[in-house]
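Visitor: Mind having a look at this structure? Questions to follow.
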Amino acid sequence: MIAPPLCAGCGALARQVEPLCAECRRRLRWLPQDPVSIGTLAVWAPVAYEEPARGVVRALKFKGATRAARTMAAQIAAGAPREWLGGGRVLVPVPLHPARARRRGYNQALLLAEGLAARTGLVVEDCLVRGGPAGTQVGRDRRQRLTGIAGSVGLGRHAPGAALLVDDVITTGATLVACARALREAGTTSVVAVGYARTPGR
Ligand SMILES: [Zn+2]
């Protein structure tokens, strides 16, 4: 017996293909079509980071991940600025801290980027790496050395010419800004970012 899928927003029965029931889908708050700026980084997300979108984000992390990723990617692809989804831009998932990736077994931003790739035909390059308090710079070459910024993001391999950063949630944007900085320092000339949900009011 396979348990019927439950709504990630309210726990009611949901359809097989959707993480949210019809009632919760109606409660989603859609954000404006125009991107917003966090520092020099333009970011865009389809929905506000509040219930029931929070439930969809939780589903991507803990249960029903594939179903959630498909729906989230579809909503990003449907509404993101057209020019962001073409022109040979490369999808770059925000890296997970290695310890967290080990615990969870996968990076939810990578899952989302793969969903976007399936929709848009863009290529995914998982080229960023995340360090942390436990990370050490000993033994790394200059290119790999993690920059000493919040979230300490560095480049694991060559940078794409144009990048679309992908994350599940955009709150302060500090991690995305750190990722954009790492890419730009490595030669990426154009960086923009999408998420599924964004804290409104930015
Ligand atoms: Zn619901």
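Visitor: Suppose the filter is of a type in the set (V, I, T) and at pLDDT 95 or above; does V17 pass it?
Guide: no
Visitor: Right, next: Where in region 1-120 are the helices (runs of 4 or more DSSP H), entirely inside, with at least 3 residues that are away from the ligand (no atom under 13 Å from the Cβ) and not hydroxyl-bearing (S, T, Y)?
Guide: Result: 53-62, 65-79, 98-104, 108-120.
Visitor: If you take the residues in region 136-177 that are modelled with pLDDT of 80 or more and on the phi > 0 side of the Ramachandran plot, which one is surrounded by the fewest Cβ atoms within 10 Å (Cβ to Cβ)? Please lay out each step first, then the result.
Guide: Applying the first criterion (modelled with pLDDT of 80 or more) to region 136-177 yields 152-156, 158-177.
Retained after the next criterion (residues that are on the phi > 0 side of the Ramachandran plot): 152, 173.
Working: S152: 19, G173: 21.
Within region 136-177, the match that is surrounded by the fewest Cβ atoms within 10 Å (Cβ to Cβ) is S152.
For (1) surrounded by 12 or more Cβ atoms within 10 Å (Cβ to Cβ); (2) under 17 Å from V166 (Cβ atoms); (3) among the aromatic types (F, W, Y), each residue gets a yes or a no:
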site: R25; (1), (2), (3): yes, no, no
site: P35; (1), (2), (3): yes, yes, no
site: R70; (1), (2), (3): yes, yes, no
site: A78; (1), (2), (3): no, yes, no
site: E83; (1), (2), (3): no, yes, no
site: R89; (1), (2), (3): yes, yes, no
site: P98; (1), (2), (3): yes, no, no
site: R102; (1), (2), (3): no, no, no
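The values are calculated or read from the model by the stated rules, or taken from the named source; none is laboratory data. Computed from a prediction, not measured in an experiment: that's the story for all the values here. All Cβ positions, even for glycine, are placed from backbone atoms using ideal geometry, and neighbour counts span all protein chains on display.
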